[in-house]
Structures are given as structure tokens and as C-alpha cells.
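What follows is a set of notes on a single structure, which appears directly below.
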Amino acid sequence: MSRDDKRADKTFKVDVSPEMRIYKILQHLNYNLETAYAELIDNSIQSFLDKKADIGEHHGESSPKLKVTIYISTAKKQIVIKDNAGGILSEDMDRALKLGVDLGTVHSSDSLSVYGIGMKSSAIWFSDNWSIRTSAIGVNEKLDFSFNLDELLENNQTEADVIPSAAGVNEHYTEIVLRNHIRNETAEHYQDTIIPFLEETFYKFSNFTTIEFYYDDVLLKPNPKRLETSTPIILEYPRVNGQGLIDSEALIKWLLKLDFTYEGRRVQGFISIRKIGKYGQPGIRLLRNNRVIEGTSISPNYPDSLLKSKNKFTAQRIYGELNLDSFPVDFMKTNFNENLKGLYEEIHQRINTNYLVNLVYQADKFRVKNLPATEKNLLQQAKERMSALSINELDEEILGGGLSKSKLEENASPASEPSENPETNKPLPSNSEDKTESIEAPKNQVEDDTCIDGAASGTAFPFEVKEENKIDYSDVLNAYLAQLNGDKACHLYDSLCRLSLKQHSVLMYIGAWSFLEMLTALIGRNSSTSFDDFLGTKINEYSTDKKVKGELRKVVGDISTRGNCTKHSGIFWNYSAMDLKPAFIILEPFIIHLIEKYIQKNN
């Protein structure tokens, strides 16, 4: 009988507990600094919430406050995270320090803690040498624990000592010290990225929580341009048609409240249109138990199935908050643990069919630039007639004789018959009485650009190209261009966003070349330097990311080379300028950065 045969009828055990070396693997998790810090702050907030009543009673306060302070020392290569939360009891230290303890009997479903791995995984991601000191509320002792992975592995240890000692009666805190950490970053990165991300992630707790960062003893403040911790001002405006013109008397507050069940789980929150569009705004914030999981200014959430492309007006204007408390998250709490496309499609379907107005359509077609006098009068009349009502409050009578939703959608569809007007290739005047009629271009000008759409500037056109065949117009970029001397930058940008990249490829490359030539001259380039050389230097200053710099250099070089060849050659031309569409998406944040720097320098 073989050895296997002898074992066939005997039950035996295997050790499935994790090896200590798994901690080394944790150092390769896909954290970044802000998400690793978020794990530690999660613990502080949850500890405070669990013991809030005790802390308040202990100090005689009805509304106690939590303070989380983080000290970064570049000289010591050390990070200290300290809070004044509830602390950790001695009987809870095993749970707090052991990897992956089942929290089902410890934390309720509304807890910020999920998998019992956050503090350990983030601490070891920073450093394999760290310690924790804690004192629990109402207990006159403090506990010290040190974790040195190399020593534990060398000595083949799976246990480490927790050392108790006396503590003051009023002490309650937890302090984590990360020694010789391997995650170095500049103070500027903390201000521009890490702190804004954390403040937005925990903004729902800001009424009782303060998070402070000290970098080499200097208190850091977040860059306000990268931070949005309050609900933006909501647009109040009548419904518009396919040309962006008012077609209803009702003043609408473009806020849609949502509360429904998706696959047995509650979805509750709102979708809205911002009064002022913003490049890089959070988009759709997804929250679990009031903590933001997806959707910050640092890492926006623009679901394609709801907002269309990431650089269109919808992405700059639509802001929402959805509470998905019953949806599972990944263990780093950076994403939800399922594909949410179906949820977004469900919301999109509800927006399309369940209400008298279409919020996404309004965000896409609404324009504020160069508003005709007739539109300003209609807007003023709507404001005088009534207070703004949210989408949920509207009914047919309130809309006051505007076009029905089905008629509105008809106006956005392609025209079926060509116009008999021989002047159809000329723009209609802005005060034209027949602004909502679809007019098709002459057959020799149509190609595949026959879909009626609003012009970038808000001025009616006899026909307009398809969105996918033109540069996406950005209100935000235009607003920055408007801060430069003269009107040329805005006018040229507006023209570039009107023409078809397929039909007018020669003009588009010459126009793009002229745009960069003019822009760089306005922000300080001297006449002896080419714009591509000038921008090359600025690209190096703009980012340390090789991919970002590589994309920008390629885009600038492409526009320079093709624009020059097209201008100076009697034969060379580009059959299509479709590459300019993604080029301007790549260029937009870089151009905004250049203008900001120029304005700061000259103010």
C-alpha cells in the first residue's frame, strides 16, 4: 500500500494562517499616499464615533470634536499620526493588530471599518518598522506595541509584546509612528493632492473632524483650486432646446432627488447641474456610510453611460452625490466592488423617462456665453414670474406652455429635408424668430456632419457638425483665455470648436498652430523662440510624470510640424484633423496651468 493509500481514510489538518512574509507583499499594494492615509483616518473617525458619547460625558461637552494630526519629518524619515479619539482597549488589541480579523461581530454595517486589514496594510505599506501607542477613554493605562518586520522574520516570531503602563485619567488617543518610511513626497504634493483628497473624502464628517498636516513643523493648507467640500451652487434656469434657447416659462432649479432600489439595495441622493461649470470637478460622488469612495477633485468620477464624454459640458456641469451604503467596496476603499455601469444606465433611463425635463440634455445644451438680449429678457421674466422649483416639483401646468419633452427631443434630431433657402451656409442672426427649426446643410457640405447641435458660443447656426467630429468646447478653458489681453484668444478658440475636423482639416491644423503661436506670445514667449521650444520648457516645469510630459510633447510637436507643413507647402495637407480632438483634451489642463502661472506672476 502506498503512502497516499494509507492517508486516504484519515483526516488531517493544514495550517492556512498567513505567513509573516505576507506583510512584505502588502508593501506592493496599489495604494498611494492619500489612500493609505485615508485608511488610518478611517480608524480615527470610527473610534471617535464609537466612543463619542463617552468622550463628551468625560469632558462635559455635548458636541466633542475629533482632531487628527499628521507630522512628517523629512530629516527623521518619520511620519506620526495622532488622534484624540476613543483609543484601543487592551482586549481589542489583538483585533486591531492581527491581519484580517473577522469584523462581523465587532462592527455594524454602518461602520467605516470593513475587512479588518486597513490599519495594518497601510502602516506596512509606509514602513516595515512602526509602532502604536494608545490610551482608551476611561482607562488609566496606555499600551505600547512595536512592529519590526525584519526582526520578526529573522527570529521566526509570530507574536510581539504589548506593554501596558500607567496613564492619566483624562488621556484618550492613538498615536502611530512610521519609522524610516519609504513614501517620500514634497510639501507641494501634499498641498495639491493629498490634503485636498482627504478633506473631500471625509467632508461629511467635517462638522466634528479636523485633519491637520505638519511638514517639517510647518502647517500645510490645501490648494483651494483643487478642493471642493461643499455642494456647488445649483443652476436656476428655464429649460432649453437643441440650440440652447429657452423654450419654457418655468424657472427650474436643476436638482433631481433620487431614492430607489437597485438590485435589492437602496440608492439615495441627487444629481444636479452646477451654475458654473468647472474642469476637474468631482462629478458623481459615490459614498458609503458618508465616506467618499469615488468622486473627488483629485480623482473625479465621470461615468460615461451617464455623462457621455469626459470633456463635454455635461462632465463640467453635472454634480451628484449617491449614497450606496449596501454596496460592497474593495478592501482599500478606493472603488466599489462591482461594475456600476448598470446602475448608471438605470439612473440615465430614469432621467430620460420619469420626469418632465431631462437634466443631462439641459447640461449638454445650455450655454451662457454671448447670451442674446431676447434670452436675457426671457430669463428675467421667468425669475419675476416664480421662484425656482426643483425637477421633482415640476408638473405640466408649471412648465407654462413650453414645448413638451417629446417635442424638445424632436428638435435635437437630424433634419430630414434640405432647406430650400439658398443662403443656408450662412449663420442665422441671433434674434431670428425661427430659432428652434432644424435646418440642414446643402448636400455638398454635409458629409456625415448633419446632426443639429448647439454652437459652442450659443449663437444659432444653420447646421452644425456632429460632436464627435469637432473639438470639444470648454467653458472653463474659455474663461481662462478671457483673462488674457484682448479678445483674439477667445475668438480663435471658439472658431476652432465650430468647424468639422473632417471637412476643414487644412484650416484646423493652421488654426491650431496659430492658436498655440498666439497663446504663447500672450503669456511671455519672445519672438526669437518658437512656440514648441517655449512649451517644451514649460512642460518640464508642469509635471514630473513621464507619461504626461510625453503626451504633451507629442501633441505640441504634432501641431507644430503639421501646421507648419500645411502653411508653407503647396502640396502637403492632412486629409483629416481628427487627432486635434484628443489633442485639445490633453492640452486643456496644461494651458489652464500656464495661464494661472502667468496671471499670478503679473498680479
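Please report, ordered by residue number, the strands (runs of 3 or more DSSP E) entirely within the stretch 241-319 with at least 1 residues that are of a type in the set (Gly, Ala, Ser).
Hits in the stretch 241-319: 265-273.
With respect to residue 591, is the statement that it is under 30 Å from the mean Cα position of the chain (by Cα), open to solvent by 10 Å² or more (accessible area, probe 1.4 Å) and assigned by the TED database to the domain that holds residue 489 true?
no
Mind checking which residues of the stretch 523-535 are closer than 23 Å to residue 486 by Cα and either small (Gly, Ala, Ser) or surrounded by fewer than 17 Cβ atoms within 10 Å (Cβ to Cβ) (or both)?
Of everything in the stretch 523-535, those that are closer than 23 Å to residue 486 by Cα and either small (Gly, Ala, Ser) or surrounded by fewer than 17 Cβ atoms within 10 Å (Cβ to Cβ) (or both) turn out to be 524, 526, 527, 528, 529, 530.
Of the residues in the stretch 497-522, how many are of a type outside the set (A, V, I, L, M, F, W, C), more than 23 Å from residue 467 (Cα to Cα) and open to solvent by less than 40 Å² (accessible area, probe 1.4 Å)?
The number of residues fulfilling the criteria is 1.
Has the stretch 564-583 got at least one residue that is over 19 Å from residue 519 (Cβ atoms) and not in a loop (DSSP other than H, G, I, E, B)?
yes
In this structure, does residue 114 turn out to be assigned by the TED database to the domain that holds residue 46, modelled with pLDDT under 80 and under 37 Å from the mean Cα position of the chain (by Cα)?
yes
How many of the residues in the stretch 49-98 are in a strand (DSSP E or B) and either open to solvent by 50 Å² or more (accessible area, probe 1.4 Å) or outside the structural domain of residue 161 (by the TED database) (or both)?
Summing the residues that are in a strand (DSSP E or B) and either open to solvent by 50 Å² or more (accessible area, probe 1.4 Å) or outside the structural domain of residue 161 (by the TED database) (or both) in the stretch 49-98 gives 3.
So in the stretch 349-365, with the set limited to residues that are among the hydrophobic types (A, V, I, L, M, F, W, C) and more than 22 Å from the chain's Cα centre (by Cα), which one is farthest from residue 271 (Cα to Cα)?
Looking at residues that are among the hydrophobic types (A, V, I, L, M, F, W, C) and more than 22 Å from the chain's Cα centre (by Cα), I get 356.
Going by what's in this entry, would residue 326 be described as touching a residue at least 60 places away in the same chain (Cβ under 8 Å) and surrounded by fewer than 17 Cβ atoms within 10 Å (Cβ to Cβ)?
The answer is yes for residue 326.
With the requirement that a residue be part of a loop (DSSP other than H, G, I, E, B), open to solvent by less than 50 Å² (accessible area, probe 1.4 Å) and within 22 Å of residue 35 (Cβ to Cβ), what does the stretch 329-358 give you?
Selection gives 330, 332, 333, 334, 340.
State yes or no: is residue 538 open to solvent by 40 Å² or more (accessible area, probe 1.4 Å), touching an Asp or Glu at 6+ places or on another chain (Cβ under 9 Å), under 25 Å from residue 486 (Cα atoms) and assigned by the TED database to the domain that holds residue 494?
Considered against the rule, which asks whether it is open to solvent by 40 Å² or more (accessible area, probe 1.4 Å), touching an Asp or Glu at 6+ places or on another chain (Cβ under 9 Å), under 25 Å from residue 486 (Cα atoms) and assigned by the TED database to the domain that holds residue 494, residue 538 comes out as no.
Just for strands (runs of 3 or more DSSP E) wholly inside the stretch 128-238: which have at least 2 residues that are within 30 Å of residue 301 (Cα to Cα), open to solvent by 20 Å² or more (accessible area, probe 1.4 Å) and not assigned by the TED database to the domain that holds residue 387?
So the answer is 209-215.
The values are calculated or read from the model by the stated rules, or taken from the named source; none is laboratory data. All values reported here derive from a predicted model rather than from experimental measurement. Neighbour counts are summed over all protein chains in view; Cβ atoms, including those assigned to glycine, are modelled from backbone coordinates with ideal geometry. We work out accessible area using only protein heavy atoms, side chains counted, and drop any ligands, DNA or RNA first. Shrake-Rupley method; radii C 1.70, N 1.55, O 1.52, S 1.80 Å.
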